[in-house]
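Everything below concerns the one structure shown next.
The values are calculated or read from the model by the stated rules, or taken from the named source; none is laboratory data. Every value quoted in this text rests on a predicted model; they were computed, and no experiment measured them. Every residue, glycine among them, receives a Cβ derived from its backbone with ideal geometry; neighbour counts consider all protein chains shown.
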Amino acid sequence: MGWVRGMEMTVYNVCGLLIRSRLFLADDAKGLFQRWQSEVKDVTITATSTQFLKWLVASKALTDYQAGLLSRGHTDGFFLDQYRILERTGKGRMAGVYKAIHPSCQVVAVKVLPPSKARDAMLLARFQREARLALMLQHPNIVRAFQIGEQEGLHYIVMEYLEGDTLDELLQSRGKLPPAEGVRIVYQALQGLQHIHERGLVHRDLKPANLMLVPPDGAAASNGSTLQATVKILDIGLARPLYDENAPESIDESPLTTEGVLLGTPDYMAPEQARDARSADIRADIYSLGCVLYHLLAGQTPFPDTNVISQMVRHATETAKPLRELSPDVPDGLQQIVAWMMAKEPANRYQAPERAAQALEIFLAAGAKKNTATESSAQMLSYLAWLEKEQAKQPASTDTVVAPTVATDPAPLPKPKSASAGAPTRSEAKPPADPPRPRAKHAPGGFPVGLPAEAPAASPAAGFDVELVSTPAITKAPAVTDEEGPQLTRRDLLMFVLGALSTVAAILMGWLLATLFRRKPPPVEEGPKE
């Protein structure tokens with residue numbers, strides 16, 4: 001307990017802090033004190049606040065985080081609007097992430113932008129933009145955002161709280177996975193990526209550290225098979241809408257997305273993304289998941305290298321070592337699908353995530369658990385009902401925004417034409433043509449709102465803290481069209497008008513010059529007079 005330090009208070013001081021912090025009512029605080037006296041037999045008048053706080057943590061009346069704040073005399077930092085802060089779970093480049101609980105007993109993760117960061121207009125705009133993007137996404141394979149708001153200068157995003165292992169942690173403990181597990185993980189990730197694609201976004205940093213495995217029973221994914229776990233895509237912070245007309249140019253073209261900035265992780269980065277992150281589209285994400293699947297099956301990345309530049313060159317020019325050489329149990333058909341996902345040219349890859357998922361579907365293990373909604377618990381249903389009421393009474397100009405409370409599961413992907421158990425033929429696995437664009441455990445500490453300017457640091461936690469940037473789409477932006485005529489954009493019309501005006505000006509100028517410099521005919525010479 002790193003909080004056992006600082007000035008020493010009496011037990012009565014701690015009881016006063018419990019009441020002033022709104023963690024407990026006066027009668028409840030008195031009841032805790034009496035219970036402590038009855039349970040701890042050797043209590044004396046010289047008992048210290050540290051002893052009392054340790055007992056409160058052991059009794060699950062407080063969390064370590066809450067006890068740490070109280071030990072330093074804080075009476076704020078325990079609540080953020082309706083959410084009672086339980087623990088600090090991570091600190092990222094832009095914000096801190098806290099575990100919190102709502103009065104409905106639903107545990108959530110709250111991402112908070114510190115006031116010092118909020119004073120930077122660019123960082124605040126980026127944080128708010130990330131929140132809006134997160135609210136757009138509702139899919140079983142994507143971490144969900146519920147609400148965004150602001151209280152006394154603290155801007156926050158309320159998100160789904162996840163317990164489990166990241167795929168990166170799983171690879172560190174197991175090395176590599178059998179094909180049945182590896183295929184199912186990437187199959188689920190492709191389904192989440194398809195939802196991202198349909199919302200006009202590109203992730204651009206898909207890697208094992210950004211994929212979390214959430215077991216149905218809360219057990220650690222590394223303790224056994226992953227065939228019952230649900231994959232969640234994390235870090236929807238580096239994506240932006242492909243056509244965000246409302247976003248100022250200064251936000252979209254931030255230093256993260258300007259030319260020459262390496263955005264992503266070289267082990268899993270598509271060649272075109274390494275050249276220019278702004279030119280990457282959804283096919284770059286498909287390439288990244290192809291590299292993730294290769295890593296799961298082979299136990300190593302496709303192009304392991306300590307030199308980043310050399311690694312990017314290898315992604316663009318070399319062919320990865322065949323999977324069968326590293327893992328003999330990989331079927332030939334699966335090797336072929338991975339090769340198509342990792343094709344050097346985007347045009348040679350699957351053109352949409354659902355196409356790659358359809359190709360992988362034949363290799364799914366029989367009986368593997370399908371995607372399930374995470375909204376079946378009584379706490380979640382109660383929380384969603386509260387969100388719906390909040391949404392109904394929020395004015396259009398409010399600083400608090402909640403996501404739609406009913407998440408629609410995506411339509412199931414169509415079955416492949418061949419359902420044979422063997423490897424698909426070349427025609428079955430071949431990438432199709434371009435498609436049309438188309439819980440957490442209950443935590444101690446009750447359910448409690450404002451965070452202190454400084455909170456105790458903690459080791460970074462996976463998820464919630466990357467910056468997503470959108471990129472040009474595969475198809476062109478929608479054009480202004482006449483119902484029966486060809487597509488004409490405003491730019492086309494402007495260029496046409498300018499061209500016509502310049503032509504008229506040239507004709508007038510030519511006529512003027514011809515008039516000014518026209519020569520008179522030479523006089524006719526008369527013969528000598530007789």
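With the condition kept exactly as written, say whether any residue in segment 317-331 is among the hydroxyl-bearing types (S, T, Y) and under 27 Å from the mean Cα position of the chain (by Cα).
no
Looking only at segment 118-134, how many residues end up being charged (D, E, K, R) and surrounded by fewer than 17 Cβ atoms within 10 Å (Cβ to Cβ)?
Here the count works out to 2.
Do we find a residue being out of contact with any helix residue (DSSP H, G or I) (no Cβ under 8 Å at 6 or more places or on another chain), surrounded by fewer than 19 Cβ atoms within 10 Å (Cβ to Cβ) and in a helix (DSSP H, G or I) anywhere in segment 168-177?
Looking through segment 168-177, at least one residue is out of contact with any helix residue (DSSP H, G or I) (no Cβ under 8 Å at 6 or more places or on another chain), surrounded by fewer than 19 Cβ atoms within 10 Å (Cβ to Cβ) and in a helix (DSSP H, G or I).
Residue by residue through segment 31-48, note down the ones that are modelled with pLDDT of 85 or more, closer than 20 Å to L69 by Cα and over 42 Å from the mean Cα position of the chain (by Cα).
Listed by number, the list holds a single entry, F33.
When residues of segment 347-404 are filtered for being touching a strand residue (DSSP E or B) at 6+ places or on another chain (Cβ under 8 Å), closer than 19 Å to L193 by Cα and either of a type in the set (V, I, T) or modelled with pLDDT of 90 or more (or both), how many remain?
Matching residues across segment 347-404 total 2.
What number of residues in segment 115-159 are more than 12 Å from the chain's Cα centre (by Cα) and either hydroxyl-bearing (S, T, Y) or assigned to a strand (DSSP E or B) (or both)?
12
Select from segment 92-114 the residues that are surrounded by fewer than 18 Cβ atoms within 10 Å (Cβ to Cβ) and within 23 Å of the chain's Cα centre (by Cα) and write down the one among them that is nearest to T48 (Cα to Cα).
G92
Test R204 against the stated conditions and say whether it is crowded, with 24+ Cβ neighbours inside 10 Å, modelled with pLDDT under 50 and within 25 Å of V186 (Cβ to Cβ).
So R204 fails the test.
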